[in-house]
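Step one of this worksheet: look at the structure below.
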Number of protein chains: 2
Amino acid sequence: MDDIDLKIIGLLALDAKRSLADIGGSVGLSPSSVNERIRRLTASGAIRQFTVDLDPAAMGVQTLVFVWIALREDADEAAFRDYAARHPLILECHHVTGAWAYLVKLRVGAPPEIEGFLAELKAHRYLGRSETVIALSSPVPGPFVPKES
Amino acid sequence: MDDIDLKIIGLLALDAKRSLADIGGSVGLSPSSVNERIRRLTASGAIRQFTVDLDPAAMGVQTLVFVWIALREDADEAAFRDYAARHPLILECHHVTGAWAYLVKLRVGAPPEIEGFLAELKAHRYLGRSETVIALSSPVPGPFVPKES
DNA sequence: AAGGCCATGGATGACATCGACCTTAAAATA
DNA sequence: TATTTTAAGGTCGATGTCATCCATGGCCTT
């Protein structure tokens, strides 16, 4: 992982469709060499996948929500993590320091849907207490890649 | 934006390198039609860009941090948003409801670097109060696409 | 001196891309 | 209501670019 690898990654992050010849011209290598480096980066796991960054609004999920979660005392934590991984709305789920146990990030079409999500958590007996925060706007939105349906 | 478009998007999200013929086989269309649909989705902005999802650990930024921020009373809010957009460590920045004004998500190599980040915010006279939350683990990590350097 | 690592260049087959033509469905007019 | 018009999207085929692979050669390390 040298400077050239980083440069290639930077270029791919901006536009993964650029040709190997094009990238090679930018970093001073032949197309073959760039291809070999990308192959190695992918094989080593540094590049997890080639994907698309989508517009949440176009996908009908304009509303970005963060939910702080404290699990029930008797909740099956492993089951919750698995549930989170499979849930199509949950884009991220992190076990965090501080007063709350988990921070969950999700996208929904509109605020009323949040209620359904919380009800679902409750029905599964995961939810102890929670606090919901809604994003009003996003100066830096970050990429949006939908989960497998 | 019909069901086929959604299917194509789903396939691209999982692997943007699949050939048009391959995708066409999965959705029942010719390669040309798939190409035309992807072209339209990109032109309309539904697909923002083709990119790569990276392993944060391989990129040397294992530590995921969320910082709640209340700006100083006299802070230039527009300047802060611009600053956040340009900052290479800041992956996301959202204006949120609740007790805090902004939620910032960033990745660093190790916890000590957080201190430098907060000092930088203070030096720019943006920071009123803040609260830092560190992710211990991530059942659902979400994609990682580094910012332009 | 020898071995491994990486870049190069060329051959090859797959692929994206484009244009011409066709089908279908909806809109417009009689 | 029936008929014509128009537009949108699909297929097919041609073309040129591109990714991919392999043999070769240089460079650094041990």
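The values are calculated or read from the model by the stated rules, or taken from the named source; none is laboratory data. The shown structure was predicted, so the numbers you read here are calculated from the model rather than taken from an experiment. Cβ: placed from backbone, ideal geometry, glycine included. Neighbour counts: every protein chain shown. Just so you know, the surface numbers come from the protein's heavy atoms only, side chains and all, with ligands and any DNA or RNA stripped out. Shrake-Rupley method; radii C 1.70, N 1.55, O 1.52, S 1.80 Å.
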Sorted shortest first, the nm distances from the B:A57 label point (7 Å along Cα→Cβ) to its counterparts in the other copies are 3.8
Chains B and A together, accessible area buried on both sides, 1.4 angstrom probe, square angstrom: 5000
Sequence of A:D22, A:D5 from largest to smallest accessible area, 1.4 Å probe: A:D22, A:D5
11 Å beta-carbon shell around B:G10, net charge (K/R +1, D/E -1): -2
Calculate the length of the line joining the C-alpha centroid of the range A:43-120 to that of the range B:22-47, in whole Å. 28
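Determine the order of A:W68, B:W100 by accessible area, beginning with the largest, at a probe radius of 1.4 Å.
On the way: A:W68 15, B:W100 40 Å².
Highest to lowest solvent-accessible surface, that is B:W100, A:W68.
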Nearest 10 degrees, 0 to 90: what angle lies between the long axis of helix B:112-123 and the longest principal axis of chain B (Cα atoms)? 70
Taking the label point 7 Å from Cα in the Cβ direction, how far apart in nm is B:A78 from each other copy of itself, listed shortest first? 5.5
Checking the a/c ratio against 1.5 first, then a/b against b/c, what shape does the Cα gyration tensor give for the range B:45-129? oblate
Just to confirm the numbers: A:D22, label point 7 angstrom along the Cα-Cβ line, distances to the other copies in nm, shortest first? 2.0
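May I ask you to derive the FRET efficiency for A:R40 and B:S137 from their Cβ-Cβ distance with R0 = 25 Å, giving the value to the nearest 0.05?
On the way: r = 28 Å, r/R0 = 1.11.
After rounding to 0.05, the efficiency reads 0.35.
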Quick note, chain B: a/c under 1.5 would make it rounded; otherwise a/b > b/c is prolate and the rest oblate (a ≥ b ≥ c, C-alpha gyration tensor); here it is prolate
With a 1.4 Å probe and every protein chain left in place, tell me how much accessible area B:R125 has, in Å² to the nearest 10. 140
Once the dipole of the protein assembly as shown is set up from charges on Cβ (+1 Lys and Arg, -1 Asp and Glu), the residue from the list B:P112, B:F50, A:P146 lying farthest towards its positive end is B:F50
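Given charges of +1 on the Cβ of Lys and Arg and -1 on the Cβ of Asp and Glu, with all other atoms neutral, how large is the dipole of the protein assembly as shown about its Cα centre, in debye to the nearest 20?
Values: 32 positive and 38 negative charges, 76 e Å.
That gives a dipole near 360 debye.
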Modelling each spin label as a point 7 Å along the Cα-to-Cβ direction, I'd like the A:Q62/A:R129 distance in nm, to one decimal. 3.3
So the angle from the long Cα axis of helix B:31-44 to the longest Cα principal axis of chain B, reported in degrees to the nearest 10, equals 30
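With a probe of 1.4 Å, find how much accessible area the protein assembly as shown has per residue, and write the answer as a whole number in Å².
Details: 14370 Å² over 298 residues.
On a per-residue basis, 48 Å².
How large is the dipole of the range A:3-44 about the Cα centre if only Lys and Arg carry +1 and Asp and Glu carry -1, each at its Cβ, rounded to the nearest 20 debye? Spell out each step's value before the answer.
Numbers: 6 positive and 5 negative charges, 22 e Å.
Value, rounded to 20: 100 debye.
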Which value, in Å² and to the nearest 10, is the accessible area of B:S130 when all protein chains are kept and the probe is 1.4 Å? 50
Can you tell me the 0 to 90 degree angle between the C-alpha axis of helix B:3-14 and the longest principal axis of chain B, rounded to 10? 60
How many percent of the accessible area of chain A is carbon or sulfur, using a 1.4 Å probe? 52
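Based on Cβ point charges of +1 for Lys and Arg and -1 for Asp and Glu, what charge dipole magnitude is obtained for chain B about its Cα centre, in debye rounded to the nearest 20? Could the numbers behind the result be given before it?
Working: 16 positive and 19 negative charges, 39 e Å.
That gives chain B a dipole magnitude of about 180 debye.
Looking at the square roots a ≥ b ≥ c of the eigenvalues of the Cα gyration tensor of the protein assembly as shown, which shape do they give, rounded for a/c under 1.5, prolate if a/b is larger than b/c, or oblate? If you can, show how the numbers build up before the last one.
Details: a/c = 1.73, a/b = 1.26, b/c = 1.38.
Oblate is the answer for the protein assembly as shown, as a/c is 1.5 or above yet b/c matches or exceeds a/b.
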Quick calc: nm separation of the 7 Å Cα→Cβ label points for A:K7 and B:K17 -> 2.2
